[in-house]
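What follows is a short report on a single structure.
The values are calculated or read from the model by the stated rules, or taken from the named source; none is laboratory data. Because the structure is a prediction, the values reported are computed rather than measured. Cβ: placed from backbone, ideal geometry, glycine included. Neighbour counts: every protein chain shown. These area figures cover heavy atoms from the full protein model, side chains too; ligands, DNA and RNA do not enter into them. Shrake-Rupley method; radii C 1.70, N 1.55, O 1.52, S 1.80 Å.
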There are 2 protein chains.
Amino acid sequence: MADPFVIVGGDAAGLSAASKFKREAPDREVVVLERGRWVSYAHCGMPYYVKGEVESLSDLLSLSPAEIVERGIDLRRGHEVTGVDPDAKTVRVRTDSERYDQAYGDLLVATGARAVDGPIDGADLEGAFTMHDMDAAAAVRAFLTPPAEIDPDAVDGEYVDRDRVETYATREPPEAVAVVGGGYVGVEMVEAFEAYDLDVHLLQRPDRLLPPFGETASERVIETLRERGVRVRLGTAVDEIVGDGRAEAVVAGDERIPVDLALIGIGIRPNTGPIEDAGVELGDSGAIAVDDYGRTNREHVYAAGDCAEMCHAVTGEPEWVPLGLTANRAGRAIGATVAGDPTPVGEIAGTAAVKAFETECARTGIVDRDRAREAGFDPVSETITASSRSGYYPGAAETAVTLVADRETERLLGGAIVGTDRAAIRIDTIATALEAGMTVADVERLDLAYAPPFSPVWDPVLVAAKVLNGSLDAP
Amino acid sequence: MADPFVIVGGDAAGLSAASKFKREAPDREVVVLERGRWVSYAHCGMPYYVKGEVESLSDLLSLSPAEIVERGIDLRRGHEVTGVDPDAKTVRVRTDSERYDQAYGDLLVATGARAVDGPIDGADLEGAFTMHDMDAAAAVRAFLTPPAEIDPDAVDGEYVDRDRVETYATREPPEAVAVVGGGYVGVEMVEAFEAYDLDVHLLQRPDRLLPPFGETASERVIETLRERGVRVRLGTAVDEIVGDGRAEAVVAGDERIPVDLALIGIGIRPNTGPIEDAGVELGDSGAIAVDDYGRTNREHVYAAGDCAEMCHAVTGEPEWVPLGLTANRAGRAIGATVAGDPTPVGEIAGTAAVKAFETECARTGIVDRDRAREAGFDPVSETITASSRSGYYPGAAETAVTLVADRETERLLGGAIVGTDRAAIRIDTIATALEAGMTVADVERLDLAYAPPFSPVWDPVLVAAKVLNGSLDAP
């Protein structure tokens, strides 16, 4: 019998590949090696678990380990891959009790990304967290909840790091919290902490929040957070978390902000450890370089998800844009390819959405003009505001739309939307236009839906296209 | 000085044309002849005025007559055009006090559509209405409101047919209402009547509500209306409204339903009266045939809006699809063309949205399979349901998506969406894909936004594309 299809990493990309492979080739063997206990969980849902909007950690599982095994997948949790030998076609595996070499026919590296916590001294103190795994989410929620109210059923006993949860479950909840970093995770965690009525500080080194979402998103989100009493500081780098065993303050320059909990969300990096000595090429981004089918430079070695690059829909160049949908899609495509049905992994436009309370932000393609210039475009950009519904209809709210286009070709390069009334979902219109290679004039001509409860006659996206078209026509 | 640009009809298409023309050619003369008193009003907003969600009729005006005149437009209300002489380049005008011939350099026919009320006997009784003008909306709301609560300020005194309003304002409100016709207007008016806690009957001759929106929309809307206590009867043609001077009952076959108010919403027809003897060609639909620039077969005579056909984005054939956005857009294009900047009027995909209470329905392109076959396609269609957000996130609701494609080319032909959570707005993704000429596989590859509060990893549109792609691949 042929060697199995081996997958390193049991999350979005890895399990999408395993499931698709098993559907297409039910008689062939697939092994998933996951170093942790958690598999197939919705990383993006963790802030809402911490906030309390999602009851149980188990709610965040797409598939339970039992369901995965039922699909005929040989799932091995607690199995860490420490190295890959593409010549021998084996991976080195380490568990609590043994070490072994696992042979593979094809290999998918789907090792994801890891949260960066440095260079911040004191990131390892108790009460300092990154939000990159379910155990951290469980610990933070346990810390936030008064000991008397801890619901043991809401913390999934089968997989969670129970010792860590118990450390925090017995403690008095924090009164002041610092969130270090104002990207997705930072902004979402601010919302989660605010639900517990804490003093929340958000410290962001750049001069904007949510940089990929453009200036308007940053302004509106800052406004929204400040209305809720969140202390937002831009241009503020946290050097250190200090405390005697436990986090007691964050230090930024001359300032010392006393807190009981520090949440570090300053970014993630691709997890390439297992293939470091395997001769697998990385791209300029530091993520694994792959071709249109997710193949690395080493034969029979694929990579997908947050550890790999993908081809960008606008630039056509490989980029590292770690997002959930494309991880699932690339995994699924590789599962089909390995099963014998060659399927491209597709492109990424970087379409993403995030909310801060009622303020919704979304983006796609290239929004930043400097980034557009680096990619060889001559960007022209306009931001407009328009009503989300007919002005006379209840619930109408101001919606800001930014569109970016290339001056010469007039092709749409990207866009962003900010607003409170079904704003984020409108980004899909722009993402679709982008992937169709539409010009701004094409977008202006789109027959979008008009009905007073849903959209004004001229949808905000159409208004933006009209205004940007005017700028493109200007000499 | 050259003869003016004359526009017949002072609503969406007519005033968009006049405004654009005046911006592009400020020194040239434009005359708008409107037979009524109301101009530039949001027809689609009337049901929400009747419902009481929109306070005043004036809120529905995009531009007041004074604002129109400020733009340098020669607006003449109460001026009815009774004929056109394209050889002499004149229109015959009738007012309360005079008749005259108006010379034109270019002419735009933007006479809109009229509500059909026949063949239903008794449609002229008091208490029987069609909902195709502001005076009807004012009268219906006055009728629904107890005399003591009538707010004279909410009925715009400057334009409204005050006699007609007063007839109903003094009457006791109706207790039972029949809505005849289950299209947009019928469904929206049912929602409006229900707000007054009346016995509401909806009588629809076809076996579905909202036929252009597909079967799922009909099923869900019926369910929603019945939950609210609305009596919905399908396959029920109303033959007659009976009563002694005032509507007292609607008669459908053997059945006689006692009501105090009957609202007829069984369709509209293009208003082509003024050009009937002018040798202006009509299309098969009965609406005015035009070319890509909105030109009729007679030189210097244009047509736009609900009286004219437009080129359909999917079939490439002229069709009559009276909708607000394309009326505005075509008017604007013709304004530019007449001012010297030839601008195509664009295509129509028939993108539309409607709601019945919390149930939102939207559609674009060709949804009906028989219609697709008539247009020369071999339609394949799938309807799926998927969650509107990550399943664990509060507010997630089932969303039904129908996609229709051509078997041979695998090109997307149309789609429909039904649901309660930001469902309608998602149609714009499908409309954009449609206008880009995407195949179902292209749609499946779209990088749409995923974030738990907004969309699951696999957006309902992507799920539908995946399933339809499977059907297309099947032998």
Reachable lysines, given that their alpha-carbon falls under 16 Å from the alpha-carbon of B:LYS89 and they are not under 8 places away in the same chain: none
Kirkwood hydrodynamic radius of the range A:276-320, Cα pairs, Å: 10.5
Cα-based shape type of chain A, given that a ≥ b ≥ c are square roots of the gyration tensor eigenvalues and the cut on a/c is 1.5: oblate
Relative contact order (%) - criterion: Cα under 8 Å, at least six apart; region: chain A: 14
All-pairs alpha carbon distance profile, the range A:1-146, 5 Å steps from 0, percent: 2, 9, 17, 18, 17, 15, 10, 7, 4, 1, 0, 0
Extension reserve of the B:ARG226-B:ASP163 stretch, reckoned as 0.36 nm per residue once the Cα distance is removed: 19.1 nm
Within-15-Å neighbourhood charge of B:ASP284 [Cβ basis; K, R +1; D, E -1]: -3
Scattering profile of the protein assembly as shown at q = 0.08, 0.09 Å⁻¹ [log10 I(q)/I(0), Debye over alpha-carbon scatterers]: -0.83, -1.01
DSSP-defined antiparallel bridges as percent of all bridges, the protein assembly as shown, nearest 5: 60
Those residues of the range B:65-87 whose amide nitrogen sits under 14 Å from the label point placed on B:SER97, 7 Å along Cα→Cβ: B:77-79
Local electrostatic count at A:ASP101 - Lys and Arg +1, Asp and Glu -1, tallied over other residues with Cβ under 12 Å: +1
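What FRET efficiency comes out for A:GLU55 versus B:ASP85 if R0 is 45 angstrom and r is the Cβ-Cβ distance? Round to the nearest 0.05.
In this case the efficiency is close to 0.05.
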Paramagnetic label zone (point 7 Å from Cα along Cα-to-C-beta, A:GLU24; backbone N under 18 Å) in the range B:431-461: B:441-442, B:444-446
Charge context of B:ASN297, other residues only, Cβ under 11 angstrom, K/R +1, D/E -1: -1
Evaluated at q = 0.11, 0.14, 0.28 Å⁻¹: base-10 log I(q)/I(0), Debye formula over Cα of the range B:173-238: -0.21, -0.34, -1.32
FRET efficiency for A:ARG76 and B:ALA237, using Cβ-Cβ distance with R0 set to 56 Å, rounded to 0.05: 0.25
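Report, in deg cm²/dmol and to the nearest 500, the calculated mean residue ellipticity at 222 nm for chain B, where each DSSP H run with n ≥ 4 adds -39500 (n - 2.57) and the sum is divided by the residue count.
Roughly -7000 deg cm²/dmol at 222 nm, from the helical runs in chain B.
Give the interface area between chains A and B as buried accessible surface, both sides summed, probe 1.4 Å, in Å² to the nearest 100.
4900
State the antiparallel share, in %, of DSSP beta bridges confined to chain B, rounding to the nearest 5.
Taking every DSSP beta bridge within chain B, about 60 percent pair in antiparallel fashion.
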Separation of the A:ALA195 and A:GLU126 label points, Cα + 7 Å toward Cβ, nm: 2.6
Dipole in debye (nearest 20) - the range B:358-473, about Cα centre, beta carbon charges: Lys, Arg +1; Asp, Glu -1: 160
Relative contact order [Cα under 8 Å, 6+ residues apart], the range B:358-473, whole percent: 32
Spatially proximal aspartates and glutamates relative to A:LYS51 (Cα-Cα < 13 Å; intrachain offsets below 8 disregarded): A:GLU188, A:GLU191, A:GLU194, A:ASP197
Alpha-carbon centroids, the range A:86-163 and the range A:6-72: separation in whole Å: 14
Leading residue at positive end of dipole, chain B (Cβ point charges), from B:LEU446, B:ILE264, B:ALA137: B:LEU446
Rel. contact order, % - alpha carbon contacts under 8 angstrom, at least six apart, the range B:260-409: 14
Average other protein chain Cβ within 10 Å of Cβ, residues A:48-61: 2
